[in-house]
Amino acid sequence: MCTQPPKVRRAVWAAGIGNFVEQFDFAVYGYLAPIMAPVFFPGDDAVTQILSTYALFAISFLIRPLGGMLFGRLGDRAGRKRTLSLAIILMGLFTATIGFLPGYAQIGLVAPMLLLVVRVLQGLVQGGEYAGAVAFIVEYAPDRRRGLYASFVSISVFLGLLFGAGLSALLTGVLPAEDMQSWGWRIPFLLALPLTLVGLYLRLRIDETPEFVKASHAGEDVAKAPLLEALRTQWNPILVFCGASVTLAVLSYSWVTFLPQYLVSEVGLSRPDAFLSNVISLAALVPLLPLAGILSDRIGRKPMLVVGCIACITAVPIAYAVAGIGTFAAAVVAQLIYLVPEFFLTGIVTVCISEMFATRTRYSASAIAYNSSFAIFAGATPFIATLLVAQTGTIYAVWGFLAVIAVFSLVVILKYMRETHLSSLNADKYAAA
């Protein structure tokens, strides 16, 4: 496939903005969870309050496979553009709604119930956003540069996290603690509305992907039941992708969501310093992602994933040891060490989301695969990590959890995964499996 560079660039912007808004919400919710917890959950036990807030974070992930099925079916039937336009509208509205919710002091138990409802609705929409955005980019990208262009989807993710973390750090550093807990935490969620309008404008200006147009033949070859077809014919690559990607889910959310809170509650760093150290590491990762994409276009996806899993086992305990020193500089260095496995996993898992599935059912199959692995492990990781530290008294229990997952992924990648970086997008890579 050969697409004009200006169109590819517009596709990158259009796809990336939705992931930016989605990850902005994740970062804000994750970073501000300790501040939001007393607003929605009564009691004197701070750990229980934080765990309750993280539990809602996990629930929004657990509902994502259902959202992936709904939006995946729509994306394979009606097209990527329409589906992603609908997704960004709903995502922005639900994220902003959190900023308007009254707290427990105003309406009692209804407050956490409303927060639960909104997080569930967010999870439904987010289940269709990421996989659809990756499909959108990959179906526009030149065949030999899919890793590079897919890396920009990952960049949008980390820019969203960076913006969310940066804004959270700024607000907690500038506002008094009382103001931050009473109304300051609402500001980032309300900013989702203008961001959504920008995203919708970008998505409405881009054409449908050439790959989808070609595969659909003006509607004649569109799958009538893409979800059922994906489950019937693509179960093998779905399971392989889940096994290969689960390590990234645990790695990323033990870093971005759990570690800053650990630095505050267990290491003794101030909240602004913990947030700032995370922001610095996020900013350092962004320019590395295109390099990872280019490297994977040259040597393949599997070698990158293998090195990434091994780095999870070897580098993360070093990061935890450095973090335990307790200084701001140590916190920064510890999180920079985290970037080693992230470099080899993040963008590569992203491009594999689409490359492993044929165009006819790509949105449905990739949404099921991505959300199945990330729903269970990414959303639950902050909760599990916090619980492990509380029960064992050491952060190395979190590393043990990650190491077990990494070994599992390594086996799946080496034994079952097929190389995809030179394959045709419309080919069924696992047809003979």
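The values are calculated or read from the model by the stated rules, or taken from the named source; none is laboratory data. These numbers come from a predicted model, not from an experiment. Note: ideal-geometry Cβ built from the backbone for every residue, glycine included; neighbour counts use all protein chains shown. The accessibility values were calculated without ligands, DNA or RNA, using every heavy atom of the protein model including side chains. Shrake-Rupley method; radii C 1.70, N 1.55, O 1.52, S 1.80 Å.
Only a single item in (1) open to solvent by less than 10 Å² (accessible area, probe 1.4 Å); (2) among the small types (G, A, S); (3) closer than 27 Å to D143 by Cα is not met by A358, and it is number (1). Screening G147, G72, G164 for residues that are under 16 Å from A375 (Cα atoms), buried (at least 21 other Cβ atoms within 10 Å of the Cβ) and of a type in the set (G, A, S) leaves exactly one candidate, G72.
Just give me the residues in segment 291-337 being closer than 21 Å to V153 by Cα and among the hydroxyl-bearing types (S, T, Y), in sequence order. The one that is closer than 21 Å to V153 by Cα and among the hydroxyl-bearing types (S, T, Y): S296. Listed by position, the helices (runs of 4 or more DSSP H) contained in segment 237-335 that have at least 2 residues being farther than 26 Å from L422 by Cβ and open to solvent by 10 Å² or more (accessible area, probe 1.4 Å) are 259-262, 271-285, 301-323. Note on segment 378-390: residues that are open to solvent by 50 Å² or more (accessible area, probe 1.4 Å) and at pLDDT below 85 total 1.
Report the residue count in segment 376-420 for those that are closer than 19 Å to V351 by Cα and not in a helix (DSSP H, G or I).
So in segment 376-420, the residues closer than 19 Å to V351 by Cα come out as 378, 409-410, 412-414, 416-420.
When the remaining residues are screened for being not in a helix (DSSP H, G or I), the result is 417-420.
Counting residues in segment 376-420 that are closer than 19 Å to V351 by Cα and not in a helix (DSSP H, G or I) gives 4.
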